2 protein chains.
Amino acid sequence: MVPLEKIPILGKDTIHVGFNIKQHMIDTIINDCKSSTYVIINDTNVAKVPYFQEFVEGFELSLPEESRLLKYAVNPGEQNKTRETKERIEDYLLTQGCTRDTVVIAIGGGVIGDMIGFVASTFMRGVRVVQIPTSLLSMVDSSIGGKTAVDTPLGKNFIGAFWQPSFVLVDIKWLESLPKREFINGMAEVIKTACIWNASEFDRLESNADTFLDIVNNAKIIQVSNKVTGTVDHISNTNVELMLEHTYKLVLESIRVKAEVVSADERES
Amino acid sequence: MVPLEKIPILGKDTIHVGFNIKQHMIDTIINDCKSSTYVIINDTNVAKVPYFQEFVEGFELSLPEESRLLKYAVNPGEQNKTRETKERIEDYLLTQGCTRDTVVIAIGGGVIGDMIGFVASTFMRGVRVVQIPTSLLSMVDSSIGGKTAVDTPLGKNFIGAFWQPSFVLVDIKWLESLPKREFINGMAEVIKTACIWNASEFDRLESNADTFLDIVNNAKIIQVSNKVTGTVDHISNTNVELMLEHTYKLVLESIRVKAEVVSADERES
């Protein structure tokens, strides 16, 4: 097993990294972001992942009596990271009577993190958001630094805001169900970061490249039934525990570098 | 004549108050907000005001060779303070090749100030904005404090951001062409502020109420021809100079109070 680590960014220990830390994430949100209304927002792909469903169930069990949990799912993919999707989410929040004390919980990859962070930044002039990145790329890059945005037909990420999340909760357990393509995308970012910043992490990558690829290539496809819709989904199941220690250190080191860069930029500006 | 005063907010002398300070406003923007692209955004009512046209002409004359001035007008009124209008402005800025160094100049009342401030806050994750309030209410209230927003069918000001303008340039000259109704709206805010914060300003208001009303009631309607469209517009023309000293002090005092409240809130948070 690996320890739970807290990484400071902009002077606060808001980034937590661990493995299988579902209950820790729930407790952190409920205890440190007290609210009458929590809203979990994700895409319909993440909704299929068993660990997501366990997270939501655990959240409901831990929810204080005076609080409520709302759930909203958007269509997956960059093509839905638009002003129109943002509007629909805003209208949903407004019709549900959300107010400035609402806490938004964004669970997903970079598309969800960017877009839901942007929703949070402009809802009632800004509400709290917790980022729970589920892809390797969003864990080591897009969830760090508070960059939020949507795309427009005229270009990507042109409309957005800087909005620091209350917490970035990185649980490597999500990588079990990550499609191979997305694992490789994320690994490219890890390699880039290691290459620039840290020779020993780069060494670790080089000497373990085969292990990583073998395990990801040998991911099993398993069938899971969706408790909500009743449908049966096919999910990739990678044995993350086999490469846990290496992955954990790489993710941790990449986040440390990004968090340090963001914090340094802030000090200089 | 009245002096040009600078009022600090959040530790910076960004609020300037004066009368007939067109060239000072132009110089401040061009010298202190250097940019390759300035964009004046206003509504089509403000576009009819001769002083507005003089401001734009003066700006073009003072523009450095390496800079350009874009102009964009929106339909007037609260019913256009929407996400849709914001999108159209964003698309205009993008098609014109605006970048992060663009300076947006919002000229108008509260609707323009709120909406254009919000556009600036999310364009490329935030560009500089200069607020030039033209209504009494926006001079003494809505331009101060960085609150920006648009309305949605579900409520007013629900979607927005806090975004501090680089400058708030308050020129009492605009009140010459302010419709009576809007002058009275603004005066209600001045009275409220004086009533809560400052007995001597409240006294000044009481003893000069008749003068204010007389002058506003006796505003002439003059015809001005629009140099751009060639159309003839009817404009209210109030003799602001007759009540200048009183108006100036009331506006100044109201802004001082608001700026102090905003700065104190920031220190406490």
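The values are calculated or read from the model by the stated rules, or taken from the named source; none is laboratory data. Small disclaimer: the values here were computed from a predicted structure and weren't measured. FYI the Cβ positions are ideal-geometry reconstructions off the backbone, even for glycines, and counts take in every protein chain you see. The accessibility values were calculated without ligands, DNA or RNA, using every heavy atom of the protein model including side chains. Shrake-Rupley method; radii C 1.70, N 1.55, O 1.52, S 1.80 Å.
Residues of the stretch B:194-224 being small (Gly, Ala, Ser) and either surrounded by fewer than 11 Cβ atoms within 10 Å (Cβ to Cβ) or touching a helix residue (DSSP H, G or I) at 6+ places or on another chain (Cβ under 7 Å) (or both), which ones?
Step one: list which residues in the stretch B:194-224 are small (Gly, Ala, Ser), which gives B:194, B:199-200, B:207, B:209, B:219.
Result: B:194, B:199, B:200, B:207, B:219.
Which residue, of B:34, B:86, is open to solvent by less than 20 Å² (accessible area, probe 1.4 Å), of a type in the set (Lys, Arg) and assigned by the TED database to the domain that holds residue B:114? Spell out how you get there, then give the answer.
Values: B:34 fails: open to solvent by less than 20 Å² (accessible area, probe 1.4 Å).
Criteria check complete, one pass: B:86.
Restricting attention to the stretch A:1-55, which residues are farther than 26 Å from residue A:88 by Cα, part of a loop (DSSP other than H, G, I, E, B) and out of contact with any His (no Cβ under 8 Å at 6 or more places or on another chain)?
The answer is A:1, A:2, A:3, A:10, A:11, A:19, A:20, A:21.
Tell me, please, whether a residue that is over 18 Å from residue A:15 (Cα atoms), in contact with a Gly (Cβ under 7 Å, 6 or more places away or on another chain) and either buried (at least 18 other Cβ atoms within 10 Å of the Cβ) or more than 14 Å from every other protein chain (Cβ to nearest Cβ) (or both) can be found in the stretch A:160-179. Step through it out loud before you land on a result.
The initial filter retains those residues of the stretch A:160-179 that are over 18 Å from residue A:15 (Cα atoms), namely A:160-161, A:176-179.
Still in the list and also in contact with a Gly (Cβ under 7 Å, 6 or more places away or on another chain): A:161.
From the residues that got through so far, the ones that are either buried (at least 18 other Cβ atoms within 10 Å of the Cβ) or more than 14 Å from every other protein chain (Cβ to nearest Cβ) (or both) too are A:161.
Checked the stretch A:160-179: at least one residue is over 18 Å from residue A:15 (Cα atoms), in contact with a Gly (Cβ under 7 Å, 6 or more places away or on another chain) and either buried (at least 18 other Cβ atoms within 10 Å of the Cβ) or more than 14 Å from every other protein chain (Cβ to nearest Cβ) (or both).
Just to be sure before I move on: is residue A:17 in contact with an Asp or Glu (Cβ under 8 Å, 6 or more places away or on another chain) and not assigned by the TED database to the domain that holds residue A:241 in the structure I sent? Full working, then the answer.
Values: in contact with an Asp or Glu (Cβ under 8 Å, 6 or more places away or on another chain): yes; not assigned by the TED database to the domain that holds residue A:241: yes.
It is true that residue A:17 is in contact with an Asp or Glu (Cβ under 8 Å, 6 or more places away or on another chain) and not assigned by the TED database to the domain that holds residue A:241.
Residues being surrounded by fewer than 20 Cβ atoms within 10 Å (Cβ to Cβ) and either under 16 Å from the mean Cα position of the chain (by Cα) or within 25 Å of residue A:176 (Cβ to Cβ) (or both): count how many of those fall in the stretch A:57-72. It would help to see each step written out before you state the result.
Step one: list which residues in the stretch A:57-72 are surrounded by fewer than 20 Cβ atoms within 10 Å (Cβ to Cβ), which gives A:57-58, A:60-72.
Next, only the ones that are either under 16 Å from the mean Cα position of the chain (by Cα) or within 25 Å of residue A:176 (Cβ to Cβ) (or both) stay: A:57-58, A:60-62, A:69, A:71-72.
So the answer is 8.
With the condition being touching a residue at least 24 places away in the same chain (Cβ under 8 Å) and within 30 Å of residue A:119 (Cα to Cα), I'd like the strands (runs of 3 or more DSSP E) fully within the stretch A:135-244 carrying at least 1 qualifying residues. If you could, list the steps in order and put the result at the bottom.
Details: elements: A:147-152, A:155-162, A:167-171, A:220-225, A:232-237.
Because the criterion is at least 1 residues that are touching a residue at least 24 places away in the same chain (Cβ under 8 Å) and within 30 Å of residue A:119 (Cα to Cα), the strands (runs of 3 or more DSSP E) in the stretch A:135-244 that meet it are A:147-152, A:155-162, A:167-171, A:232-237.
So the check is Cβ under 7 Å with 6+ separation or different chains; which pairs have a first residue in the stretch A:121-132 that's in a loop (DSSP other than H, G, I, E, B) and a second one that's hydroxyl-bearing (Ser, Thr, Tyr)?
Listed pairs, sorted by first residue: A:124/A:99; A:127/A:102.
So if I check each of A:76, A:50, which one is surrounded by 14 or more Cβ atoms within 10 Å (Cβ to Cβ) and touching a residue at least 60 places away in the same chain (Cβ under 8 Å)?
A:50
With respect to residue A:100, is the statement that it is open to solvent by 20 Å² or more (accessible area, probe 1.4 Å), part of a loop (DSSP other than H, G, I, E, B), farther than 30 Å from residue A:209 by Cα and not hydrophobic (A, V, I, L, M, F, W, C) true? Spell out the reasoning first.
On the way: open to solvent by 20 Å² or more (accessible area, probe 1.4 Å): yes; part of a loop (DSSP other than H, G, I, E, B): yes; farther than 30 Å from residue A:209 by Cα: yes; not hydrophobic (A, V, I, L, M, F, W, C): yes.
Against the criterion (open to solvent by 20 Å² or more (accessible area, probe 1.4 Å), part of a loop (DSSP other than H, G, I, E, B), farther than 30 Å from residue A:209 by Cα and not hydrophobic (A, V, I, L, M, F, W, C)), residue A:100 qualifies.
Please determine, by comparing only the residues of the stretch A:115-139 that are surrounded by fewer than 24 Cβ atoms within 10 Å (Cβ to Cβ), of a type in the set (A, V, I, L, M, F, W, C) and within 13 Å of another protein chain (Cβ to nearest Cβ), which one is nearest to residue A:166 (Cα to Cα). Show your work before the answer.
So in the stretch A:115-139, the residues surrounded by fewer than 24 Cβ atoms within 10 Å (Cβ to Cβ) come out as A:124-128, A:137.
After this cut, where a residue has to be of a type in the set (A, V, I, L, M, F, W, C) as well, the list is A:124, A:127, A:137.
Of the ones still in play, those that are also within 13 Å of another protein chain (Cβ to nearest Cβ) are A:124, A:127.
Values: A:124: 17, A:127: 10 Å.
Only one residue tops the list, namely A:127.
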